[in-house]
Structure formats: structure tokens, C-alpha cells
């Protein structure tokens with residue numbers, strides 16, 4: 001009897017475990033179950049589409065449809081030769097069908113417009129062997145040029161792409177006027193020839209030259225060209241070469257950092273604003289200021305000095321290599337701002353997979369950002385005498401500016417509390433007070449969904465502000481824009497939410513990924529049905545007047 005009882009218990013336990021195993025079975029998301037990649041074959045008018053079903057999943061041959069074209073709204077159908085599949089009697093359709101259980105490729109013959117990207121739409125449907133079928137889906141690809149390989153455009157980015165089909169292309173003057181509109185920049189990127197893109201992004205760089213992200217570089221660059229070597233002022237010609245090296249270093253690192261941010265997301269931005277990075281750069285600026293105050297001369301060891309001289313081809317004056325390195329370092333820490341042009345390029349990189357084109361655009365944009373700084377610094381170097389008491393006082397002034405810049409860089413470490421407002425807890429919810437505006441602080445998609453549901457029931461419009469303690473532009477938006485009387489008056493019609501992504505937790509990352517954002521600042525508007533108005537999205541700092549116009553457009557709908 002005892003053995004029978006044990007046997008019954010064992011069988012019952014086995015049944016229970018089996019039930020739990022089958023009940024716990026999870027199916028892959030569509031993008032993981034059916035991976036698809038598109039490649040524009042080099043020096044060819046063919047697009048290679050690679051389908052990779054996961055193990056235990058299959059695709060229907062008859063569901064595959066393809067469209068292509070140089071404009072997203074004007075695609076033409078393509079009927080390629082499909083490889084043979086495996087014949088399977090499908091219970092869902094009650095007939096024999098050709099299916100693909102293994103990876104396969106399809107070649108599309110396209111007619112590209114010279115200098116323009118190719119848009120590809122792929123329709124497909126598949127099932128899991130375990131018994132569920134996925135609804136038909138359409139995957140969209142954007143290929144910038146031959147040699148580019150891309151994954152499908154994320155759903156969060158498709159809205160901005162759709163805007164390009166309903167609005168006219170931008171001229172260069174329009175782009176200048178709309179330089180803080182990420183949607184306008186996205187349209188421009190997708191509908192402009194490659195050669196014209198580089199000219200346009202150089203112009204955008206000029207527009208960004210005097211933003212809060214770039215201005216801190218001016219005293220750093222000035223400290224390079226107004227420095228001394230061996231107690232003598234650097235010659236004016238040498239100063240021009242050093243300034244150019246600084247700008248090239250800034251442009252190169254800006255391009256590399258932008259591509260890295262596209263690959264890794266906001267974690268890069270947070271790393272550049274970490275206490276270690278901020279402390280290191282603030283200390284570097286203080287060391288530079290000490291040399292301008294005449295406390296010491298900064299120089300490499302003699303053995304290094306001679307080697308660097310030979311590498312740089314330098315006969316006298318400051319170090320070209322040092323100026324280049326300082327330009328790169330200052331870019332990494334002094335300007336990690338997410339601006340509309342940067343966000344547009346990062347989204348473009350994510351859509352097209354063209355890291356080289358994205359890096360090239362960022363490099364050219366950074367050159368545009370550095371050109372006014374270069375002219376200001378060189379012009380000042382030409383006008384101001386190289387000797388006499390003027391040079392001494394100028395260097396002391398630059399030293400003070402560097403100390404002030406170091407303090408500005410280190411301010412997030414010094415200020416534990418948010419200088420632009422206060423955070424209080426009311427009924428268990430955090431409220432961030434900015435002037436006379438109250439933002440409900442959220443940290444996760446679940447918290448956002450709960451607030452959007454509530455706003456939908458109350459038929460209210462919502463503004464969601466992505467914020468982080470280490471985001472300088474976020475605080476500038478609060479101090480300069482949100483507290484503006486006209487802006488504040490309009491914002492009182494909104495439900496105000498603030499997504500605090502300071503910690504960069506998994507929930508924070510999920511929030512950013514949900515909306516295709518690479519980091520703060522970012523401002524999203526939702527209508528009374530809690531649908532995001534993508535055309536009203538704001539990335540980066542926006543001055544009060546333009547932001548008020550954006551809000552009025554949102555409230556007038």
C-alpha cells in the first residue's frame with residue numbers, strides 16, 4: 001500500500017510538472033521568430049533579402065510580397081523568383097502549402113534613382129510548429145546606397161518616415177529654419193541626394209555653433225591658440241594650425257561618438273556624464289587654467305616631446321597632436337547633448353544600417369559647428385598683439401573662463417538637488433515642480449500607460465518630458481523654456497509627465513526604446529486619445545517662442 005501511495009504521488013507530481021512545462025511555453029515575438037535583413041549589393045541594382053526563421057517556426061511562400069521605390073509613398077511591386085520550399089499540409093488553411101523552415105534568400109531587381117535611397121516593403125506571414133500562427137506583417141527597409149545592409153525600421157520610427165510621404169521636400173533654407181525639428185530633418189535625410197546631404201549638414205553645424213552644447217568649447221580652443229611655449233607666445237600662423245587640429249579632433253570624435261550612441265543608445269550619453277568623466281575633464285580644464293595663470297608650463301617629457309614633434313612635423317610652437325586630442329576630449333564630455341540634427345542622423349543610421357554615411361554626416365556637421373569657433377579664435381589671435389601686457393591679461397582672462405567652464409562641467413556633481421525645481425512626494429507619487437508647473441515623475445512603461453489611460457478617460461492632452469539629472473539641455477529647457485510665461489500658460493492645459501531616466505535602468509531603457517529615443521532631452525505630445533503626435537516631437541533644446549508655437553499647434557487640433 002505504501003508503495004502504491006508513493007507511485008501515485010510520483011505520477012501526480014509528474015503530471016503537475018508536465019502541465020507547468022507546457023503552460024509555461026512562450027512564443028517568440030514576430031521580429032525574433034522571423035528575422036529579415038536587406039542588403040543593397042555593391043555596384044548593383046539588386047537587393048538581397050535574407051529570411052531567417054527561428055527553429056520551430058516557418059514562413060508561407062505565398063505570403064511573400066515585395067515592393068520597392070525611391071520614395072516611400074510611390075513603391076512598385078516586384079515579383080522575384082522564389083526558392084522551392086517544403087510542402088506541408090497546413091491545418092489552418094486545410095491545404096498543402098509551400099513553407100520555409102530554413103534560412104533562404106530572395107534577389108530583387110530594382111530601378112534606383114541616382115543619389116537617392118531605396119525603400120523596400122516586405123509582406124510575410126508565418127507560424128510556429130507548436131500551433132500558433134502570426135498575423136500578416138509588413139517590414140519596411142531603407143537602404144541609403146550600394147553596400148548597405150539594414151534591419152527593418154523599428155515601429156517607433158515608422159511614423160516619422162510616414163510623414164515624408166505627406167509633406168513636401170525641404171530646401172536648404174527650410175532646413176535652416178526647421179533645424180530644431182527632428183521630423184523635418186528626418187524627411188530631409190530620406191528624400192535628399194547624398195552629395196546635397198553633406199552640404200546641408202555642414203549648414204546645420206553652423207546653426208548649432210552657438211548653442212549651449214558648443215559654446216563651452218570656445219574658451220578651451222582659445223586657451224590652445226593663446227598659450228605659450230617656452231615663455232614665448234605662439235605665432236599667429238602656428239595658432240591657426242593648432243585651431244584647425246582642435247576642430248578636426250572635435251569632428252572626428254563627434255562622428256565616432258554619434259555612431260557609438262546609435263549602436264549602444266543612451267548608455268553612452270550617461271557614461272559621458274558619469275562622475276568619473278566629469279571629474280576628469282574638469283580637472284583637465286583646471287590644469288590648463290593653471291598654465292594660463294603662469295603657475296607652470298604644460299609640456300610632455302623631453303623624450304616624448306621630440307617624438308611628437310617628429311610625428312606632427314612641428315618646428316616651433318604648441319603641439320598639433322595635443323590640440324587634436326584636446327578637441328576630441330572636449331567633444332566627448334562638453335557636448336553630449338542630443339540635438340535634433342544628431343537625433344535625425346542617429347535614427348537614419350538605425351534605419352539604413354549605413355554607419356559610414358552616418359559618421360560622415362556627423363563629421364561634416366561637427367566641422368560646421370567648429371568653423372565659427374575657428375574664425376572667432378583666429379580673428380582674435382590676429383587682432384590682439386602677441387606681446388606686452390595685453391597678452392598677460394588675456395591669458396589670465398582665459399584662465400578665469402576655463403575655471404568657470406570646469407565649474408559648469410562639474411555642476412551636476414556639486415548640485416545634489418535639481419537647481420531648476422524641487423521634487424516632492426504627494427500621495428506616494430513624485431512631483432517635480434518647475435516654476436508654477438507640476439510634472440508627475442514616471443520611470444517605466446507601465447507607469448506611463450497608466451497615466452495615458454487616465455488622461456484618455458478624462459479627454460486631456462499629455463506632454464511627456466524625458467529628463468535626466470546629468471542632461472544639461474534638460475535643465476536649460478526647464479530654466480529657460482518651461483518657466484517662460486507664454487509657455488507656462490499653454491502648458492497648464494496639459495497633463496504634464498516627466499520620464500526620469502537618470503538611473504538608466506532597464507525600465508528607463510525600455511521607455512526610450514519604445515519611442516525610438518537615444519537619450520534625453522526629448523518631449524512628446526499625446527492627443528485626447530493618448531496617441532502620440534509624432535509631428536510635434538521635440539528633440540534637444542528649443543527656445544521659448546518656437547516651443548510655444550509647437551504647443552499651440554498641438555492644442556488647436
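A short reminder: the numbers here are calculations on the coordinates, not readings from a lab. Source: prediction; values computed, not measured. Note that we place each Cβ from the backbone using ideal geometry, even for glycine, and neighbour counts take in every protein chain shown.
Cβ-to-Cβ counts within 10 Å put 497, 440 in ascending order as 440, 497, the fewest first. A Förster radius of 30 Å combined with the Cβ-Cβ distance from residue 440 to residue 29 puts the calculated FRET efficiency at roughly 0.50. Stretching residue 529 away from residue 356 to a fully extended chain increases their span by 58.3 nm, per 0.36 nm per residue minus the current alpha-carbon distance. Given their separation in residues at 0.36 nm each and the Cα-Cα distance between them, residue 295 and residue 552 gain 87.0 nm when the chain is fully extended. With neighbour counts taken as other beta-carbon atoms within 10 Å, the residues 40, 470 rank, fewest first, as 470, 40. Please say if region 422-555 is rounded, prolate or oblate, where rounded means a/c under 1.5 for a ≥ b ≥ c the square roots of the C-alpha gyration tensor eigenvalues, and otherwise the choice is prolate for a/b larger than b/c and oblate otherwise? Rounded. In plain terms, the residue of 110, 122 with the fewest other Cβ atoms within 10 Å comes first and the most crowded comes last, giving 110, 122. Based on the Cβ-Cβ distance of residue 55 and residue 84, what FRET efficiency does E = 1/(1 + (r/R0)^6) give at R0 = 25 Å, to the nearest 0.05? Efficiency, rounded to the nearest 0.05: 0.80.
Using a simple spin-label model with pseudo-atoms 7 Å out from Cα toward Cβ, residue 130 and residue 450 lie 3.0 nm apart. The distance between label points at residue 103 and residue 505 comes to 3.8 nm (points 7 Å beyond Cα on the Cα→Cβ vector). Modelled spin-label separation between residue 371 and residue 123, with each label point placed 7 Å from Cα along the Cα-to-Cβ direction: 4.7 nm.
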